[in-house]
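Every read-out reported here was derived from the displayed coordinates using simple, explicitly stated rules and does not represent laboratory data. Everything numeric in this text was worked out from a predicted model, so none of it was measured. Every residue, glycine among them, receives a Cβ derived from its backbone with ideal geometry; neighbour counts consider all protein chains shown.
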Amino acid sequence: MAEASSDLTRLEEGVVALFADGVKVLGLPKSVGEIYGLLYIHEEALSLDDLVERLQVSKGTASQGLKMLRTLGAVRECGLTEGRKTYYEADVELKSLVGGFIREEIRPHLSSAKAKIGVLREEVEEGDAFLKDRVDRLDKWRAKASLLLPILQKLLSS
């Protein structure tokens, strides 16, 4: 493996910043985007230590970020080992990235939303048409989102 340097090139800095901004929109930690961005733009796989040094983050932050990215399917171990080090590379297929995010973040949220909306429905006082309508609308949004997810995944796999 190439020796890591704490200095990022301007291109690496730009890509890291781009992904750091992007994950904020998704409600994920900035460090997750930074890790993915560096792995994305780096030709060779990087170890946890490389990420810590290059991104100037703690080992715990890098470890948690890698764990989340592996869970999402955005990063994979590449099979290279050097001593006890494991090396990682970015999965650059949009289908994998979106599919992992939908599976790990959106579907669980929609599932829990169904139960939460049921509880809200019980809280609406009889005869309160306005609140009943608002809760019913929330459930319709949830149902439409649930129907849209498989279509989105199929579209991105083309």
Task: For Ser47, distant residues with modelled amide H under 5 Å away - done: Tyr88
- [ ] Enter the per residue convex hull volume of the chain, computed from alpha-carbon coordinates, in Å³ rounded to the nearest integer.
- [x] 136
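Glu82 to Leu94: extension gain in nm, 0.36 nm per residue of separation minus the Cα-Cα distance? Each step should come with its number before you reach the end.
On the way: separation 12, 0.36 × 12 = 4.32 nm, distance 2.96 nm.
Extending this stretch completely gives an extra 1.4 nm.
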- [ ] For region 1-79, give the magnitude of the charge dipole about the Cα centre (Cβ charges: +1 Lys/Arg, -1 Asp/Glu; no others), in debye to the nearest 20.
- [x] 460
Open item on the list: I need the GluC sites (Glu not before Pro) found in region 1-64, filtered to DSSP loop residues with at most 15 other beta carbons within 10 Å of theirs.
Closed with: Glu3, Glu43, Glu44
Open item on the list: Longer than 20 Å from Cα to Cα, which of Lys114/Lys154; Lys114/Lys144; Lys116/Lys144; Lys59/Lys95; Lys30/Lys114 are they? Say none if no pair is.
Closed with: Lys114/Lys154; Lys59/Lys95; Lys30/Lys114
- [ ] At q = 0.17, 0.18, 0.22 Å⁻¹, what is the base-10 log of I(q)/I(0) for region 4-75 according to the Debye formula with one equal point scatterer per Cα and no solvent? Please give it to two decimals.
- [x] -0.53, -0.60, -0.92
TODO: Sort Glu89, Glu122, Glu104 so that the residue with the fewest other Cβ atoms within 10 Å of its own Cβ comes first and the one with the most comes last.
DONE: Glu122, Glu104, Glu89
Task: Relative contact order (percent, whole number), the chain, Cα cutoff 8 Å, 6+ residue spacing - done: 17
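What relative contact order, as a whole-number percentage, does region 10-90 give when Cα pairs under 8 Å and 6 or more residues apart are counted? Before the final figure, lay out the partial values.
Numbers: 107 pairs, mean separation 21.7, N = 81.
In percent, rounded to a whole number, it is 27.
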TODO: Report, in degrees rounded to the nearest 10, the 0 to 90 angle that the Cα long axis of helix 10-25 makes with the longest principal axis of the chain.
DONE: 20
Task: Intensity falloff of region 78-117 expressed as log10 I(q)/I(0), Debye formula with alpha-carbon point scatterers, at q = 0.28, 0.32, 0.34 Å⁻¹ - done: -0.87, -0.96, -1.01
Task: Estimated 222 nm signal from helices in the chain, with DSSP H stretches of n ≥ 4 weighted -39500 (n - 2.57), rounded to 500 - done: -21500 deg cm²/dmol
Open item on the list: Can you tell me what percent of all Cα-Cα pairs in region 47-112 are more than 14 Å apart?
Closed with: 63
- [ ] Quick one: give the max-minus-min coordinate of the C-alpha atoms of region 69-152 along each principal axis, largest first, in Å.
- [x] 69, 27, 12
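More than 12 Å apart: what percent of Cα pairs in region 105-158 qualify? Don't skip to the end; give the middle numbers.
Details: 973 of 1431 pairs.
Value for region 105-158 (Cα pairs over 12 Å): 68 percent.
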